[in-house]
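Engineer: Take this structure, written in structure tokens, and hold onto it; I'll ask about it next.
Just so you know, all these numbers are worked out from the coordinates, no wet-lab data involved. All values reported here derive from a predicted model rather than from experimental measurement. Every residue, glycine among them, receives a Cβ derived from its backbone with ideal geometry; neighbour counts consider all protein chains shown.
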Amino acid sequence: MYLSRLHLRNWRNFSEQVVEIPPEGVAIIGDNGQGKTNLLEAVYYLEIFRSFRGAPDEQLVRFGEEVFRVEGTLRDPGGTDRTIAAAFERRRRKKKVTVNGAEPERLGDALGLVGAVIFSPSDVELVAGGPGERRRFLDIVLSLAEPGYLPALQRYRHALFQRNTLLRQNAQRALVQAFDDSLVAAGSRVLAARARWVAERAAGFAEHYARVAGGQPGFVSFVPSVDLPEATPPADDVARAFRDQLERVADREAARGMTLAGPHRDDLRFTTTGGDGQALDLRTYGSGGQQRTAAIALRMVEAETIRATRGRESVILLDDVFAELDPGRSRRIIEWIDQSGSGQVILTSPKETDVQIHGGGLPRWTIRDGVVTPLS
């Protein structure tokens, strides 16, 4: 399955644009500020129905307009089409998503239908930034790949909000504890899914890191806020450990007015091996190149997760990812894309010299002021 058509209306700096995308993908060449990233953002919006850049929907509407609409057509190997559309009205702050013209019962039912993975220079924040960036990554991947994860996450956030409200109000402990059952029930499912995913994908991450880094080692591990008895414990053991942790921190929670244990405080840790054989935290001690390599390896693992859960190749979106990498790392990323049999690739670059994927054979488009034009 691949993205065969994209229709943008009043999206970012695009007024009205319809593009037919070849099965192998396309390379979009243009100067910065012309709309290259905006176009990839539109494709990925149809994957998770929010901006990968963290922008609110209001900012995605073209200046001076009230409504944006993004529509994509997916075509399977048999030639059958599926249309996914998303629109947002600024004045009423209303979003509407449809699949083949019908609204899904729940927004979560439409997540992940494109099967897109985006590689962006901002991905370095997955390693160098705060833990919220890494939790957001886990939530997106697992919402797309793990049945039941998104509803559990939503239930957890609801219980957490209510519990924190009581803690801030200095409510009696019995009132706070009234939300412990719902917090633990939903949170333990989130914790277990995160721990299992990281454990299952850690070897793949290490392989990708070493490949891109030219043999240098790199590792990822899960850092839960709850003291788990093992790397991938059964759900009952996670719930028991979570409840025990809440008991231990109850006095501190009352003093600080916030919940101090649970998935909202989980993290990922990225490390390499120093010259003395000790593990070095890449967030603190890693170079820019090492941090970018770890972020790229994480995206590669995400692509493999989609392949495993969806049963098809990902649509790979590359947003000027080679600009800040040395030639060796860039070459090895291209080799991974070519050798892994990845499906459609849509990449952006200000230079044609960066377009070497699939032997440099991708069709080329140019973009200027939000208008895409195929190059002959």
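Engineer: Report the FRET efficiency, 1/(1 + (r/R0)^6), for ASN100 and ASP276, where r is their Cβ-Cβ distance and R0 is 51 Å, rounded to 0.05.
Structural biologist: 0.30
Engineer: Between ILE28 and residues 5 or more places away or on another chain, which pairs have amide H atoms under 5 Å apart, with H built 1.01 Å from N, and which residues are they?
Structural biologist: Close amide H contacts, sequence-distant or interchain: LEU347, THR348, SER349, TRP365.
Engineer: I've got another one for you. Please compute the length gained on full extension between SER122 and ARG240, using 0.36 nm multiplied by the number of residues separating them and subtracting their Cα-Cα distance.
Structural biologist: That pair, SER122 and ARG240, stretches by 38.7 nm at full extension.
Engineer: Under the rule of at least 5 residues apart or a separate chain, name every residue whose amide H is placed under 5 Å from the amide H of LEU268.
Structural biologist: VAL223
Engineer: By how many nm would the segment from ARG53 to ALA308 lengthen if fully extended, with 0.36 nm per residue of separation less the alpha-carbon distance?
Structural biologist: 89.2 nm is the gain from fully extending ARG53 to ALA308.
Engineer: Quick one: if the Förster radius is 51 Å, what FRET efficiency do THR83 and ALA254 give, using the C-beta to C-beta distance and rounding to 0.05?
Structural biologist: So the FRET efficiency works out to roughly 0.45.
Engineer: Same structure again: Using R₀ = 30 Å, calculate the FRET efficiency as 1/(1 + (r/R₀)^6) where r is the Cβ-Cβ separation of ALA323 and ASP369; round to 0.05.
Structural biologist: After rounding, the FRET efficiency stands at 0.90.
Engineer: Continuing with this model, one more query. Using a Gaussian network model on the chain with a 10 Å cutoff between Cα atoms, which of GLY262, GLY78, GLY132 fluctuates the most?
Structural biologist: Of GLY262, GLY78, GLY132, the most mobile in the Gaussian network model is GLY78.
Engineer: Take VAL67 and GLU230, extend 7 Å from each Cα along the Cα→Cβ direction, and tell me the distance between the two endpoints in nm.
Structural biologist: 5.5 nm
Engineer: Could you tell me the distance between the Cα centroids of segment 95-170 and segment 231-282, to the nearest Å?
Structural biologist: Rounded to whole Å, the Cα centres lie 20 Å apart.
Engineer: Let me ask something additional. Out of segment 16-70, which GluC sites (Glu not before Pro) are coil in DSSP terms and have no more than 16 other C-beta atoms within 10 Å?
Structural biologist: Listed in order of number, the matching sites are GLU24, GLU65, GLU66.
Engineer: Let me ask something else about it. Under the Karplus relation 6.51 cos²θ - 1.76 cosθ + 1.60, θ = phi - 60°, what is the ordered set of whole-Hz ³J(HN,Hα) values for segment 171-177, x standing for Gly and Pro?
Structural biologist: For segment 171-177, the Karplus curve yields 5, 4, 4, 4, 5, 4, 5 Hz.
Engineer: May I ask you to derive the relative contact order of segment 123-311, considering only C-alpha pairs under 8 Å and at least 6 residues apart, and to give it as an integer percent?
Structural biologist: 29 percent
Engineer: With a/c under 1.5 counting as rounded, go ahead and sort segment 123-311 into rounded, prolate or oblate using the C-alpha gyration tensor (a ≥ b ≥ c being the square roots of the eigenvalues; past the cut-off, prolate if a/b is larger than b/c, else oblate).
Structural biologist: Judged from the Cα gyration tensor, segment 123-311 comes out prolate (a/c at least 1.5, a/b above b/c).
Engineer: I would also like to ask the following. Is segment 252-340 best put as rounded, prolate or oblate by its Cα gyration tensor, with a ≥ b ≥ c the root eigenvalues, rounded for a/c under 1.5, and otherwise prolate when a/b is larger than b/c, oblate when not?
Structural biologist: It comes out oblate by the Cα gyration axes.
Engineer: With a cap of 14 neighbouring Cβ atoms within 10 Å, and only residues DSSP puts in a loop, list the chymotrypsin sites (Phe, Trp or Tyr not before Pro) found in segment 23-96.
Structural biologist: Filter output for segment 23-96: PHE63.
Engineer: Still on this structure, I have one more. Report the extension gain between ASP181 and LEU107 in nm, rounded to one decimal, defined as 0.36 nm multiplied by the number of residues separating them, less their alpha carbon distance.
Structural biologist: 24.0 nm
Engineer: A further question follows. Using amide H atoms built in the peptide plane, which far-off residues or other-chain residues are under 5 Å from GLU16 H to H?
Structural biologist: ASN10
Engineer: For the chain, return all DSSP H helices satisfying: extent of Cα atoms along own axis at least 27 Å; mean Kyte-Doolittle hydropathy at least 0.0.
Structural biologist: Qualifying helices, which must be both long enough and hydrophobic enough, are 180-212.
Engineer: Which residue, GLY64, GLY204, GLY35, tops the fluctuation ranking in a GNM of the chain built on C-alpha contacts under 10 Å?
Structural biologist: Residue with maximal mean-square fluctuation among GLY64, GLY204, GLY35: GLY64.
Engineer: If you place +1 on the Cβ of every Lys and Arg and -1 on the Cβ of every Asp and Glu, how big does the dipole about the Cα centre of segment 123-311 come out, in debye to the nearest 20?
Structural biologist: It comes to approximately 480 debye.
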